[in-house]
Amino acid sequence: MQYSSLQNGLTSSISLLLILLFTLLVLQWGTWFEHRSQLPSTVAFSPTQLPLKQPWWVKIQTTEPPCLYYFGPFRWQWLALRHRRGYCEDLLQERAQGLEVAVVQAQPEQLTDFQGTMDDWELHGS
């Protein structure tokens, strides 16, 4: 008789422990999911982004020379964000000034749009 009641008590304790563990797991999952939804959209991958209506581009406007550049296309915004620094460094090595950088969804007609005069063009040795 004592063995049977010990076994029943142990079974009840294990069942209670499993229920408690399952409850904690469900609560932790909810907390994780809640935090995941608060990540910036530039980092989080969303299956709803596929296929994109328009690709992502790194758009850089310079004041000297007065030019608008588009670098891309990129399938995901995070990838364009990752590469924008390299494009800025390249333009700075070419002595460009006054860089304004954005990552946009677009379909540019021109990848480089010189917005100055021929005098501006000659000043920069292009």
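Coordinate-derived values only; no laboratory data. These numbers come from a predicted model, not from an experiment. Ideal geometry is used to build each Cβ from the backbone, glycine not excepted, and the neighbour counts take in all protein chains shown.
Here are the numbers for this structure:
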quantity	calculated
Normalised contact order of segment 51-123, rounded percent, pairs of Cα under 8 Å and 6 or more residues apart	45
Zero-based 10 Å bins, Cα pair distances in segment 51-123, whole percents	21, 49, 24, 6, 0
Estimated inter-spin distance, His83 and Thr11, nm [label 7 Å along Cα→Cβ]	6.4
Label-point gap, in nm, between Gln93 and Ala106 - each point 7 angstrom along Cα→Cβ	2.4
Gain upon complete extension [Trp76, Gln54; 0.36 nm per residue less C-alpha separation]	6.9 nm
³J(HN,Hα) computed for each position of segment 84-101 - Karplus, 6.51 cos²θ - 1.76 cosθ + 1.60, integer Hz, glycine/proline x	4, 4, x, 5, 5, 4, 4, 5, 5, 5, 7, 6, 6, 10, x, 6, 10, 10
